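In what follows, a single structure is set out as structure tokens and then discussed.
The values are calculated or read from the model by the stated rules, or taken from the named source; none is laboratory data. Source: prediction; values computed, not measured. Quick reminder, even Gly has a Cβ in these numbers, built from the backbone with ideal geometry, and neighbours come from all protein chains shown. SASA here: full protein model, heavy atoms, side chains in, ligands and nucleic acids out. Shrake-Rupley method; radii C 1.70, N 1.55, O 1.52, S 1.80 Å.
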Amino acid sequence: MRTDEQTERPQVSEQPPVPRWKLLLQIFGTFFKMGCFTFGSGLSILLQLEEEYVDKRKLLTSENVLELTTVGKSVPGVMITNVSMLVGYQLAGVFGGILAVVGLTLPAIFILSLVTYFYEAIKTNVWFAAAMRGVNASVVAIIASTVWNMGKDALKDKITVLICGAAFLLCLFTGVSNILMIACGVLLALLWVGAKAVTERKGGRP
């Protein structure tokens, strides 16, 4: 009989083995494609990651993406570059991580080079400005969808909902440092888990 833990644990479906060189090319191509359409912020790429590697290829779970995103945001550097490196590494080791980062950043380097070269011509162009307004509007919906999906995976109990709500209110109405809020969130979660473990241990004693 399967336990509740086994039943609830997300499963990644078995896939036929893929040659390593082909997997590396797939990682580079996938992240290059995502890099071409990463507007607004790094959050906009997380939905593409889920669609590509959770829904389509089934190589990761939503929980994997959330965990890698949490780690990527917790270390120095650009969040989405960190996340890309971690995803590529989990899929194909060190070379997978390197190719993921290279694939993601190449489109940005190319586009920024073009924009810089033609900046004087496009900075007052009404058509370019209109296109950017359309991009910004669509990115809001993508980021909102990403936040919604991440929230469903992250907010699974009362303490996480309370921490999230408190952090949101602090962001909205105060100037409290984000670093301080993250540190407090970690501390509160650890205290909650510790108190819960102590309570369960006492309750299990004869």
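Dimensions of the range 79-124 based on its C-alpha atoms, expressed as ranges along the principal axes with the largest first, amount to 44, 17, 9 Å.
Using only the alpha-carbon atoms, how far is helix 79-117 inclined from the longest principal axis of the chain? Give it as 0 to 90 degrees, nearest 10. Rounded to the nearest ten degrees, it is 30.
Largest first, the three principal axis extents of the alpha carbons in the chain are 78, 51, 27 Å in whole numbers.
Summing charges over all other residues whose Cβ lies under 14 Å from the Cβ of Asn82, with Lys and Arg as +1 and Asp and Glu as -1, gives 0. Counting only heavy atoms of the protein chains and using a 1.4 Å probe, Ile142 has close to 60 Å² of accessible surface.
Let's test the formula: R0 of 45 Å, r as the Cβ-Cβ distance of Ala189 and Phe95. What FRET efficiency results, to the nearest 0.05?
Working: r = 35 Å, r/R0 = 0.77.
That gives a FRET efficiency of 0.85.
How would you order 62-68, 188-194, 25-31 from highest to lowest mean count of nearby Cβ atoms within 10 Å? Don't skip to the end; give the middle numbers.
On the way: 62-68: 17.7, 188-194: 12.3, 25-31: 20.0.
Sorting 62-68, 188-194, 25-31 by mean packing, highest first, produces 25-31, 62-68, 188-194.
Accessible surface of the chain, 1.4 Å probe: 70 percent of it comes from carbon and sulfur atoms.
Computed from Cα atoms, the angle from the helix 20-35 axis to the main principal axis of the chain rounds to 70 degrees. In order along the range 186-202, the Karplus-derived 3J(HN,Hα) couplings, from 6.51 cos²θ - 1.76 cosθ + 1.60 at θ = phi - 60°, round to 4, 4, 5, 5, 5, 5, 5, 5, x, 5, 5, 5, 5, 4, 5, 5, 5 Hz, and Gly and Pro are given as x.
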